[in-house]
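Only one structure is covered here, and it is reproduced in the block below.
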Amino acid sequence: MLEIKNLHVQLEDEDKQILKGVDLTVGAGQVHAIMGPNGSGKSTLSYVLSGKSGYEVTDGTAMLGDVDLLDLDPEERAAAGLFLAFQYPVEIPGVGNMTFLRTAVNSQRKARGEDEMSAGDFLKFIREKAKSLKIDADMLKRPVNVGFSGGEKKRNEILQMAMLEPKMCILDETDSGLDVDAMKLVAEGVNALRSEGRSFLVITHYQRLLDHIKPDVVHIMADGRIIKSGGPELALEVENNGYADLLAEVA
Amino acid sequence: MTVASKIAADPRLDGLTVPAGGWPTAARSSALMRLQTMGLPVKRDEYWRYTDPSALVCEAPLPCDPLQTSTPIFGTVDKTRLVFVDGVFDADQSDAPELAGVEITRLFEVNDLDLHWAQGLYGKLEEAGQSPVARPLAALNTAQATEGMLVRVTGKPEKPLHISYRQSSKTSEAILHHVIKVEAGAELTLLETGTPGARSNVVLEVDIADGGTLHHVRPQGRAHGRHVATHLFARVATEATLKSFTLSLNGQLTRNEIVTEIVGDDAAVHVGGACVGDGDAFHHDDTVFITHDAVNCESRQVFKKVLRNGATGVFQGKILVKAGAQKTDGYQISQALLLDGDSQFLAKPELEIYADDVACSHGSTSGAIDEDAMFYLRSRGVPEKEAQNLLVIAFLGEALDEIENEDLAADLQSRLEAWFSRHST
Ligand SMILES: Nc1ncnc2c1ncn2[C@@H]1O[C@H](COP(=O)(O)OP(=O)(O)OP(=O)(O)O)[C@@H](O)[C@H]1O
Ligand SMILES: [Mg+2]
């Protein structure tokens, strides 16, 4: 599904290398987790995959199926099936959540040559998804993320993911800032979307989320590289011992 | 500007006489004298520092292609419509000037009609608004105008009064002077729409008595080459309310001045505007002066501009709180969204306060579109242009929120959306 090879990324404005050769393959239907110390480049990886400006790819490739992601505009990547749940969802005053989602859903459909969703169908669809994430009608009417609590913002990300039905979902610390119940809700939301044709890359600092969303593979990222990959037990090791031993292993 | 330097007669005013016609003649003559003392505006006048008035005062209007009419604005709103074509009232295209609770008289026909209420106002609010800052274009208007409507509101008419401007000649000059008197407890919604002429000079004198309310909504049309100067002079009495909103799209030069004096306690004045400018020929100037001369009054100024391809926006806004005008709540915000590095916004916000128990705030910002918001929208699949349009409309939407009537606001919002979808290339 997602195949990243030897990805090197530096900042556009500054001569600073952030990703130093990332190799990562997520198979169809799989869930992979990435853990790693602060500043190791996890969010940068997710931004570069989604097409945020300010980064320069100096080497390597990233393919989603047979689509070369790095050649595309962010909206084209989204239409190709990529979705990023942001570590810090952006507030957009003046744009209603509902308008935003409807524009997004229909833009993607249009880009794929599909018919737009009718207003009625859209409403039915969003109400159903919102209900399962305990997002009330008021939150749908409010401007995107404005005045939302940390947890509400994260649930709103998952709502968007559910509405857009992407093939490849990247979740960047969707669990941070969530209370125990909200974490369960989010995990259920993710699990409900799990299917053969859909893969997940879950960036997290905590084992707890991975109790709910069972990963197939866990990767450890440090200083712009994947330094180790393994099964779910790797996450437990990090939880118990931190990164010191792992870092020492590769040093 | 020193008055003395200008007394040496502005040659551009040579031979200017006032049109005869009933009681306004005296007011016109007195305005002409004021004008001769002030002289017409020039770029070096402090008040015209950011805006070159020459196209507004040169001998003949610069040509402006009339706009091919599209779907009429506020088409679904029931209203009484008065149409002016190239600045001249057109009875055939208008509704009968009848609206329960409102008396409507055409300035052109006033002659010796005894309109006591209007005689005390015509040119009077304009004259009062000449200090501390001279507004010669308004004096010129009072001296020259023969067209306009004198409107006295005595009740609460069930539908808005609509003054609809149309331009048909490429070189027309429209000089219109309206007087609106809202009697105690009365309430009117006044819609003023379209481009009056290739060059327009419109004055609106508004007097709102105790507990009266005027809602004024003014989309200024879309003619590209138009040159427009407007003045809204208002006097607002106890517990009275004035809400005025202007939408400007296109046009070359627009100067909208609002001069409001709050003279009664517990009154409220909200003025706002949204403007969209495209191209380096575009220049739009909002100049606002609000005087608080009473206790416990509120004033709000909310002006937003979206500028691109070298367009220029200007905001000069002042809140003057006189001694004794305690418990004044004054708010002023002017913001510009610059869609490229060639466009510019010039702002001069001012507060002058002579009372100690007041809460006044003002702010002015200009900046580019929020890149993080752009990326967020695009990462959800919204194409770049559409994402930008969403953000731009959202930005202007905060100004449109100032309009109380939701149907009117929604119509203006849809005009903006249409404009941006037509103009996103
Ligand atoms: N636009 C930028 N400008 C300057 N430095 C940047 C920029 N983007 C990323 N960096 C730097 O790159 C490094 C990696 O940052 P990144 O946000 O990818 O880390 P992370 O692994 O997601 O960390 P965390 O766990 O704290 O979220 C950090 O040192 C960060 O300061
Ligand atoms: Mg991060």
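Things to note:
- B:Thr213 meets each of the listed conditions (1) of a type in the set (Val, Ile, Thr); (2) surrounded by fewer than 22 Cβ atoms within 10 Å (Cβ to Cβ); (3) within 15 Å of the chain's Cα centre (by Cα) apart from (3).
- Residue in the range A:72-89 that is over 19 Å from the mean Cα position of the chain (by Cα) and either closer than 21 Å to A:Leu193 by Cβ or within 16 Å of ligand 1 (Cβ to nearest atom) (or both) present: no
- Across the range A:74-97, the qualifying residues are those that are of a type in the set (Gly, Ala, Ser) and within 19 Å of B:Glu371 (Cβ to Cβ), and the one among them that is surrounded by the most Cβ atoms within 10 Å (Cβ to Cβ) is A:Ala78.
- Number of the exception - B:Lys6 against (1) surrounded by 12 or more Cβ atoms within 10 Å (Cβ to Cβ); (2) modelled with pLDDT of 85 or more: (2)
- Hits in the range B:363-383 - residues which are of a type in the set (Asp, Glu) and within 7 Å of chain A (Cβ to nearest Cβ): B:Asp372
- Residue in the range B:85-108 that is surrounded by the fewest Cβ atoms within 10 Å (Cβ to Cβ), counting only those that are of a type outside the set (A, V, I, L, M, F, W, C) and within 21 Å of B:Val182 (Cα to Cα): B:Glu98
- Residues of the range A:74-89 that are more than 7 Å from chain B (Cβ to nearest Cβ) and away from ligand 2 (no atom under 16 Å from the Cβ): A:Glu76, A:Arg77, A:Ala80, A:Gly81, A:Leu82, A:Phe83.
- Residues in the range A:165-214 that are surrounded by fewer than 21 Cβ atoms within 10 Å (Cβ to Cβ) and within 14 Å of another protein chain (Cβ to nearest Cβ) were compared, and the one that is nearest to ligand 2 (Cβ to nearest atom) is A:Lys167.
- Counting only strands (runs of 3 or more DSSP E) that fall entirely inside the range B:85-182 and contain at least 1 residues that are within 18 Å of the chain's Cα centre (by Cα) and among the aromatic types (Phe, Trp, Tyr), the qualifying elements are B:161-166.
- Residues that are under 16 Å from A:Leu201 (Cβ atoms), of a type in the set (Gly, Ala, Ser) and within 7 Å of ligand 1 (Cβ to nearest atom) within the range A:32-62 comprise A:Gly36, A:Ser40, A:Gly41, A:Ser43, listed in sequence order.
- Each residue in the range A:5-31 was checked for being more than 9 Å from ligand 1 (Cβ to nearest atom), buried (at least 22 other Cβ atoms within 10 Å of the Cβ) and closer than 30 Å to A:Ser195 by Cβ, and 3 pass.
- Some residue of the range B:396-414 being in a helix (DSSP H, G or I), within 8 Å of chain A (Cβ to nearest Cβ) and not hydroxyl-bearing (Ser, Thr, Tyr): yes
- Residue in the range A:114-127 that is within 22 Å of A:Ala80 (Cα to Cα) and at pLDDT 95 or above present: no
- The set of residues from the range B:384-395 being of a type in the set (Gly, Ala, Ser) and facing chain A (nearest Cβ under 7 Å) comprises just one member, B:Ala394.
- So B:Ser421, is it within 22 Å of the chain's Cα centre (by Cα), at pLDDT below 95 and within 14 Å of another protein chain (Cβ to nearest Cβ): no
- Residues (more than 11 Å from chain B (Cβ to nearest Cβ) and assigned to a loop (DSSP other than H, G, I, E, B)) located in the range A:138-164: A:Arg142, A:Gly147, A:Phe148, A:Ser149
- Only residues that are at the interface with chain B (Cβ under 7 Å from one of its Cβ atoms) and either surrounded by fewer than 18 Cβ atoms within 10 Å (Cβ to Cβ) or not polar (S, T, N, Q) (or both) were counted in the range A:101-118, giving 2.
- B:Leu150 being at pLDDT below 95 and under 28 Å from B:Ser94 (Cα atoms): no
- Filtered by the rule that a residue be assigned to a strand (DSSP E or B) and farther than 16 Å from A:Ile226 by Cβ, the range A:32-85 gives A:Tyr55, A:Glu56, A:Val57, A:Thr58, A:Met63, A:Leu64, A:Val67, A:Asp68, A:Leu82, A:Phe83, A:Leu84, A:Ala85.
- Here the strands (runs of 3 or more DSSP E) wholly within the range B:262-371 that include at least 1 residues being buried (at least 24 other Cβ atoms within 10 Å of the Cβ) and free of Cβ contacts under 8 Å to residues at least 40 places away in the same chain are B:268-278, B:283-292, B:298-308, B:312-321, B:329-338.
- The numbered conditions (1) within 16 Å of ligand 2 (Cβ to nearest atom); (2) in contact (Cβ under 8 Å) with a residue 60 or more places away in the chain are all true for A:Asn38 except (2).
- Qualifying residue in the range A:118-139 (condition: in contact with a Pro (Cβ under 7 Å, 6 or more places away or on another chain) and more than 16 Å from ligand 2 (Cβ to nearest atom)): no
- Residues that are hydrophobic (A, V, I, L, M, F, W, C) and either at pLDDT 95 or above or part of a loop (DSSP other than H, G, I, E, B) (or both) within the range B:36-54 comprise B:Leu40, B:Val42, B:Trp48, listed in sequence order.
- Criterion (out of contact with any Lys or Arg (no Cβ under 9 Å at 6 or more places or on another chain) and either under 29 Å from A:Leu2 (Cα atoms) or acidic (Asp, Glu) (or both)) met by exactly one of A:Arg112, A:Arg155: A:Arg112
- Filter result for A:Leu70 (farther than 28 Å from A:Val105 by Cα and either in contact with a strand residue (DSSP E or B) (Cβ under 7 Å, 6 or more places away or on another chain) or within 16 Å of ligand 2 (Cβ to nearest atom) (or both)): no
- Considering residues of the range A:169-178 that are assigned to a loop (DSSP other than H, G, I, E, B) and not acidic (Asp, Glu) only, the residue nearest to the chain's Cα centre (by Cα): A:Thr174
- Considering (1) away from ligand 2 (no atom under 16 Å from the Cβ); (2) crowded, with 19+ Cβ neighbours inside 10 Å, the lone condition that A:Thr61 does not fulfil carries the number (2).
The values are calculated or read from the model by the stated rules, or taken from the named source; none is laboratory data. This one's a predicted model, so the numbers in the text were calculated from it and none came from an experiment. As a convention, Cβ positions derive from the backbone with ideal geometry for all residues, glycine included, and neighbour counts pool all protein chains shown.
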